[in-house]
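The structure under discussion appears below in the form of structure tokens.
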Amino acid sequence: MLKASDQLLGQLQWGADQGRSFLAEHFGHSSRLQLSDDQLQQFNGLLQKQLQQKPINFVAPQTA
């Protein structure tokens, strides 16, 4: 489950500080290692939700 959250954090392009802040906000912990398996699963679900809400950076092709 830690690998899954690593992948999700990478997809969100979040640094360690942003990930820790999100973790502290939702679970009151500073490290994923402090979470139970259920909490880590919930954390991954919240990251997945954030990923789905992330705006897509679409660049329109330029015309000549």
Heavy-atom accessible surface of the chain: percent carbon and sulfur, 1.4 Å: 49 percent
Dipole moment magnitude, nearest 20 debye, the chain about Cα centre, only Lys, Arg, Asp, Glu C-beta charged: 140 debye
Mean ellipticity per residue at 222 nm, deg cm²/dmol - from DSSP H runs of n ≥ 4 across the chain, formula -39500 (n - 2.57): -20000 deg cm²/dmol
Accessible area per residue, Å², the chain with all protein chains present, probe 1.4 Å: 77 Å²
Angle in degrees between helix 2-12 and the longest Cα principal axis of the chain, rounded to the nearest 10: 30 degrees
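Can you give the local net charge around Leu23? Use residues other than it whose beta-carbon is closer than 11 angstrom to its beta-carbon, Lys and Arg +1, Asp and Glu -1.
Net charge around Leu23: 0.
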Whole-number D in µm²/s for the chain (Stokes-Einstein; Kirkwood sum over Cα pairs; 37 °C, 0.692 mPa s): 257 µm²/s
Angle in degrees between helix 16-27 and the longest Cα principal axis of the chain, rounded to the nearest 10: 50 degrees
Extension gain from Gln52 to Ala24, taking 0.36 nm per residue of separation minus the Cα-Cα distance: 8.0 nm
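The values are calculated or read from the model by the stated rules, or taken from the named source; none is laboratory data. Worth saying up front: this structure is predicted, and the values here are computed from it rather than measured. Using ideal geometry, Cβ is built from the backbone for each residue, glycine included, and neighbour counts are taken over all protein chains shown. With ligands, DNA and RNA removed, areas are computed over all heavy atoms of the protein, side chains included. Shrake-Rupley method; radii C 1.70, N 1.55, O 1.52, S 1.80 Å.
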